[in-house]
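Peer 1: Below you will find the structure I want to go over with you.
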Amino acid sequence: MDMKQIIAKAIADAALECFEGCSLTCEEIAAMLELPPDKKMGDFALPCFRLAKTLRKGPPMIAAALAPKCACETIDHVEVVGGYLNIFLSRSCLAKNIVEAVLANPGRWGSSTVGEGKTVCLDYSSINIAKRFHIGHLSTTMIGHALKRIYDFNGYKTVGINHLGDWGSQFGKMVAAYKLWGNREEVERGGVQAMVDLYVRFHAEAEKDPSLDDLGRSWFKKIEDGDAEALEIFSWFKAVTLKDTQRVYDLLGVSFDSYNGEAFYNDKMEPVVAELREKNLLVESQGAQVVNLDSYNMPPALVLRSDGATLYITRDLAAAFYRHNEYKFDKCLYVVAYQQNLHFKQLFKILDLMGHGDWSKGMEHVAFGMVSYEGRALSTREGFVVYLEDLLNKAIEKAREIIEEKSPNLPNKDEVARQIGVGAVVYFDLHNDRIKDIDFCWDRALSFEGETGPYVQYTHARCCSVLRKAEAASMTMENADFSGMTDDEALDVLMLIARFPEIVRKAMDANEPSMITRHTTSLAQAYNKYYFEHRIMDENDAAGTAARLALTSAVRDVIKTGLYLIGVEAPERM
Ligand code: ARG
């Protein structure tokens, strides 16, 4: 039971005693409890005006009546200030309660079962075939991955979907280029980059010889018609891309439940188009079929080109139906850059107009901002791209240098360098509100100070080290006595742990992993402050030492969970 619940129960009992026939539940009261802006106003406050209506009494009267009856082990004392009941916790009791609750269920503090029986589809990463994975793809991949873990942690069934960009006329050109100039070994060896080179060459040569465009079109037609050779080459392109990308996913620890992408919906769009037509939602515009969205202040959505070709949104419509039927999702999240705002607004509106609002209302565009690199905007046109794999490898290399310098005797340096390097990049990406643009900067990402991944990881390793030393000195957490744990530093740590479950829930409701990143960072900061001002191990005070070790162990556990939820590993030594 968390703190709030304990206090809510004390208040509910008091209310029952003071007000006849009062039927306030603990949950209702827990929901009303606030965190005062200043500790002088208590650790929690109950704004009694929210009870005035139910109890038909003035707020100050309610507060005054409840005050003398709110006694419980956890509450040290209460004060009535106007219509507020300010609650001051018994610090040692708080410490004992929270620490024991965390340690009772390692790795599960903040988890819940709110999602039990419900399913969330998460569409993230969703890479394009024959394009290299650059740092612009980091956010979709990591926000999606973090959200998947957060929903899992709350009992949801989750389905991670990599909605591959594997359809479009450009693939006809690529096959054409391959047939003209490509060779199998080169592509196998060079991977995606070899395909990109072929594509670039195709464009350059097509400028001189426009007949190449017809050749490209005819190869695309072959792919569409299921020609064996065309399909073989094309699906091999796909396999090579996925193999290349897998290296990055392995570094990041990211995986998917489905790789059904655009091509998967080739044979699933007809019924959707038929339904749109039947419901009179399609109108002709210059030979093409569009859904008019004038009344919703949006440009028309192009569903079928004049030659009958389908589009990105046509495939997304089919994908929505497929996911609804296949997974019966309660939520379907699209972790895609804000540049596609309009696309998703159109998509959701069309489903609504088709009369599927009952389930399409569970669909949400989880938008995020752009990434620049050391102050410079990425631009394919200007040839300024930073590939994700290069970035991660460089981060690992730099982390390795730091380790050599700071802890040359560390065992498994390679493993830790990977954890720190990759962790620094991921943390950096998930530190700010997702909608904000971010500028990736090495010095800030890899610093061991400030709000960085390495800083939080280091705090975790510090906790591990304290506990290792204690073990070596045969000091245990047994018979802990928390009565001395009443200082402000410990209280800060404890309150941050106590609020962790609420933050996890909020992060989930807002699809905002950064809330967990920042809260976990605050916890690390608070613990470091505690660590510097208090001696943890004291041979003359075994019971007090046990309490401080237990607190350290709880901090270690919660930091590890926080990092886990945002997809960052927590090394035990660094
Ligand atoms: N492949 C697309 C792109 O790179 C993103 C796909 C997002 N998912 C979706 N269902 N539309 O822009």
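The values are calculated or read from the model by the stated rules, or taken from the named source; none is laboratory data. These numbers come from a predicted model, not from an experiment. So basically every Cβ, Gly included, is an ideal-geometry build from the backbone, and we count neighbours across all protein chains shown. These area figures cover heavy atoms from the full protein model, side chains too; ligands, DNA and RNA do not enter into them. Shrake-Rupley method; radii C 1.70, N 1.55, O 1.52, S 1.80 Å.
Peer 1: Could you tell me how many degrees, from 0 to 90 and to the nearest 10, lie between the Cα long axis of helix 488-509 and the main elongation axis, the longest principal axis, of the Cα atoms of the chain?
Peer 2: Tilt of helix 488-509: around 40 degrees.
Peer 1: Still on this structure: With bins 5 Å wide starting at 0, give me the P(r) of the range 388-457 over every alpha carbon pair, in whole percents.
Peer 2: Bin by bin from 0 Å, the calculated values are 3, 18, 29, 25, 14, 6, 3, 1, 0.
Peer 1: Using a Förster radius of 60 Å, what is the FRET efficiency between Arg184 and Ala473 based on their Cβ-Cβ separation? Nearest 0.05, please. Present the calculation step by step, with values, prior to reporting the outcome.
Peer 2: Numbers: r = 63 Å, r/R0 = 1.05.
FRET efficiency, Arg184 to Ala473: 0.45.
Peer 1: Measure nothing fancy, just the Cα-based angle from helix 388-406's long axis to the longest principal axis of the chain, in degrees from 0 to 90, nearest 10.
Peer 2: 40 degrees
Peer 1: Still on this structure, please answer the following. Relative contact order, percent, of the range 66-132 when contacts are C-alpha pairs under 8 Å separated by at least 6 residues? Don't jump to the answer; show the numbers that get you there.
Peer 2: On the way: 37 pairs, mean separation 11.9, N = 67.
Relative contact order of the range 66-132: 18 percent.
Peer 1: Between 0 and 90 degrees, rounded to the nearest ten: what's the tilt of helix 312-327 against the longest Cα principal axis of the chain?
Peer 2: Around 50 degrees separate the two axes.
Peer 1: Shape of the range 442-505 from its Cα gyration tensor (a ≥ b ≥ c, root eigenvalues): rounded if a/c is under 1.5, otherwise prolate when a/b > b/c, or oblate? Present the calculation step by step, with values, prior to reporting the outcome.
Peer 2: Numbers: a/c = 2.44, a/b = 1.33, b/c = 1.83.
In terms of gyration-tensor shape, oblate.
Peer 1: Could you list the residues of the range 531-574 with an amide nitrogen less than 14 Å from a label point located 7 Å from the Cα of Lys413 in the Cα-to-C-beta direction?
Peer 2: 574
Peer 1: How do the peptides 502-509, 51-58, 533-540, 560-567 rank, highest first, by the average count of neighbouring beta carbon atoms within 10 Å per residue?
Peer 2: Output ranking for 502-509, 51-58, 533-540, 560-567: 560-567, 502-509, 51-58, 533-540.
Peer 1: Could I ask something else about it? Would you grab the residues whose amide H sits under 5 Å from the one on Asn260? Only those 5+ places off in sequence or on another chain, please, with H modelled 1.01 Å from N.
Peer 2: Asn162
Peer 1: Can you work out the FRET efficiency for the pair Phe532 and Val385, with r the C-beta to C-beta distance and R0 = 45 Å, to the nearest 0.05?
Peer 2: Numbers: r = 43 Å, r/R0 = 0.97.
That gives a FRET efficiency of 0.55.
Peer 1: Take the Cα pairs of the range 73-213, get the Kirkwood Rh, then feed it into Stokes-Einstein at 37 °C and 0.692 mPa s and tell me D in µm²/s. All intermediate terms of the calculation are to be shown ahead of the outcome.
Peer 2: Details: Rh = 20.8 Å.
Reported coefficient: 158 µm²/s.
Peer 1: About the Cα centre, and with charges only on the beta carbon of Lys, Arg (+1) and Asp, Glu (-1), how big is the dipole of the range 441-574? Nearest 20 debye, please. Present the calculation step by step, with values, prior to reporting the outcome.
Peer 2: Numbers: 14 positive and 20 negative charges, 79 e Å.
In debye, rounded to 20, the range 441-574 gives about 380.
Peer 1: Over the chain, what relative contact order in percent results from Cα pairs under 8 Å that are six or more residues apart? Could the numbers behind the result be given before it?
Peer 2: Numbers: 930 pairs, mean separation 86.8, N = 574.
Relative contact order of the chain: 15 percent.
Peer 1: Okay, next question. Quick check on the chain: helices-only [θ] at 222 nm, where DSSP H runs of length 4 and up contribute -39,500 (n - 2.57) each and the sum goes over total residues. Nearest 500, please.
Peer 2: Numbers: 22 runs with 313 residues, N = 574.
After summing the helix terms and dividing by the residues of the chain, the value is -17500 deg cm²/dmol.
Peer 1: Near the amide H of His77, under 5 Å away, which other amide H atoms are found, from residues 5 or more places off or on another chain, if H is placed in the peptide plane?
Peer 2: Amide H neighbours of His77: Phe88.
Peer 1: Moving on to the next point. State, in angstrom, two size descriptors of the range 84-126 derived from its alpha carbons: Rg to one decimal place and Dmax to the nearest whole number.
Peer 2: My reading of the Cα-based Rg and Dmax gives 17.7, 51 Å.
Peer 1: Near Lys406, which lysines are there with a Cα under 27 Å away, not counting those fewer than 8 places off in the same chain?
Peer 2: Lys394, Lys398, Lys469, Lys529, Lys560
Peer 1: Further question on the same structure: If I take R0 = 35 Å and measure r between the Cβ atoms of Arg247 and Asn341 in this structure, what FRET efficiency does the formula 1/(1 + (r/R0)^6) give, to the nearest 0.05? The partial results should precede the final answer.
Peer 2: On the way: r = 31 Å, r/R0 = 0.90.
About 0.65, to the nearest 0.05.
Peer 1: Which log10 I(q)/I(0) values does the range 488-550 give at q = 0.17, 0.23, 0.25, 0.28 Å⁻¹ under the Debye formula, counting every alpha carbon as one identical point scatterer?
Peer 2: Scattering profile of the range 488-550, log10 relative to I(0): -0.64, -0.91, -0.99, -1.11.
Peer 1: How high is the relative contact order of the range 1-155? Use alpha-carbon pairs under 8 Å, at least six apart in sequence, and give a whole percent. Spell out each step's value before the answer.
Peer 2: Values: 196 pairs, mean separation 27.4, N = 155.
Reported as a whole number, the value is 18 percent.
Peer 1: In addition: Return an integer: the convex hull volume of the alpha-carbon atoms of the range 228-363, in Å³ per residue. Intermediate results must be reported in sequence, preceding the final value.
Peer 2: Working: hull volume 19.5 nm³, N = 136.
For the range 228-363, the hull spanned by Cα atoms encloses 144 Å³ per residue.
Peer 1: Find the eigenvalues of the gyration tensor of the Cα atoms of the chain, then list the square roots of 5 times those eigenvalues as equivalent ellipsoid semi-axes, largest first, in whole angstrom. Each step should come with its number before you reach the end.
Peer 2: On the way: eigenvalues 548, 219, 58 Å².
Working from the Cα gyration tensor, I get semi-axes of 52, 33, 17 Å.
Peer 1: Further question: For the range 296-452, what is one quarter of the convex hull surface built on the Cα atoms, given in nm²?
Peer 2: Details: hull surface 55.6 nm².
Taking the Cα atoms of the range 296-452, their convex hull projects to 13.9 nm² on average.
Peer 1: Please calculate how many Å² of accessible area the chain carries per residue, with a 1.4 Å probe and no DNA, RNA or ligand atoms counted. Write down the numbers at each step before the final one.
Peer 2: Values: 26170 Å² over 574 residues.
Ligands and nucleic acids excluded, the result is 46 Å² per residue.
Peer 1: Still on this structure, I have one more. About the Cα centre of the range 292-365, how large is the charge dipole given +1 on each Lys and Arg Cβ and -1 on each Asp and Glu Cβ? Please answer in debye to the nearest 20.
Peer 2: Numbers: 8 positive and 8 negative charges, 18 e Å.
In total the dipole reaches around 80 debye.
Peer 1: Among the DSSP beta bridges whose two residues both lie in the chain, what percent are antiparallel, rounded to the nearest 5? Walk me through the numbers before you get to the answer.
Peer 2: Details: 24 of 42 bridges.
Around 55 percent antiparallel, to the nearest 5.
Peer 1: Where does each of Tyr249, Tyr178, Tyr327, Tyr338 land when they are ordered by accessible area, with a 1.4 Å probe and the largest first? Spell out each step's value before the answer.
Peer 2: On the way: Tyr249 0, Tyr178 25, Tyr327 50, Tyr338 75 Å².
Ranking Tyr249, Tyr178, Tyr327, Tyr338 by accessible area, largest first, yields Tyr338, Tyr327, Tyr178, Tyr249.
Peer 1: Averaged over all directions, how much area does the convex hull of the C-alpha atoms of the range 342-387 cover when projected, in nm²?
Peer 2: Working: hull surface 19.3 nm².
Reported value for the Cα convex hull: 4.8 nm².
Peer 1: How would you rank 361-374, 454-467, highest first, on the average number of other Cβ atoms within 10 Å across their residues? Please list the in-between numbers first.
Peer 2: Values: 361-374: 17.9, 454-467: 21.4.
So the peptides 361-374, 454-467, ranked by packing, come out 454-467, 361-374.
Peer 1: 5 Å is the cut-off here: which amide hydrogens, built 1.01 Å from N in the peptide plane, fall below it relative to His356, excluding neighbours closer than 5 in sequence?
Peer 2: none
Peer 1: If you don't mind, there's one more thing I want to ask. Once fully extended, how much extra length lies between Ala542 and Asp487, figured as 0.36 nm per residue of separation less the alpha-carbon to alpha-carbon distance?
Peer 2: Details: separation 55, 0.36 × 55 = 19.80 nm, distance 1.84 nm.
Once the chain is fully extended between Ala542 and Asp487, it gains 18.0 nm.
Peer 1: What does the C-alpha gyration tensor say about the overall shape of the range 1-105? Classify as rounded when a/c is under 1.5, otherwise prolate if a/b is larger than b/c, or oblate.
Peer 2: Taking the square roots of the gyration eigenvalues as a ≥ b ≥ c, the range 1-105 is prolate.
Peer 1: What is the extension gain from Ser465 to Cys441, computed as 0.36 nm multiplied by their sequence separation minus the C-alpha to C-alpha distance, in nm to one decimal?
Peer 2: Working: separation 24, 0.36 × 24 = 8.64 nm, distance 2.98 nm.
In short, 5.7 nm is gained.
Peer 1: Dipole size in debye (nearest 20) for the range 306-457 around its Cα centre, Lys and Arg Cβ +1, Asp and Glu Cβ -1? List each step's numbers first, then the result.
Peer 2: Numbers: 18 positive and 24 negative charges, 91 e Å.
Around 440 debye, computed over the range 306-457.
Peer 1: Next question. At 1.4 Å probe size, with the rest of the protein present, what percent of the exposed accessible area of the range 90-205 is carbon and sulfur atoms?
Peer 2: Values: 1970 of 4200 Å².
Roughly 47 percent, rounded to a whole number.
Peer 1: If you count, for each residue, the other Cβ atoms within 10 Å and average over each peptide, how do 296-304, 41-49 line up from highest to lowest? Please list the in-between numbers first.
Peer 2: Values: 296-304: 15.6, 41-49: 21.0.
Ranked from most to least packed, the peptides come out as 41-49, 296-304.
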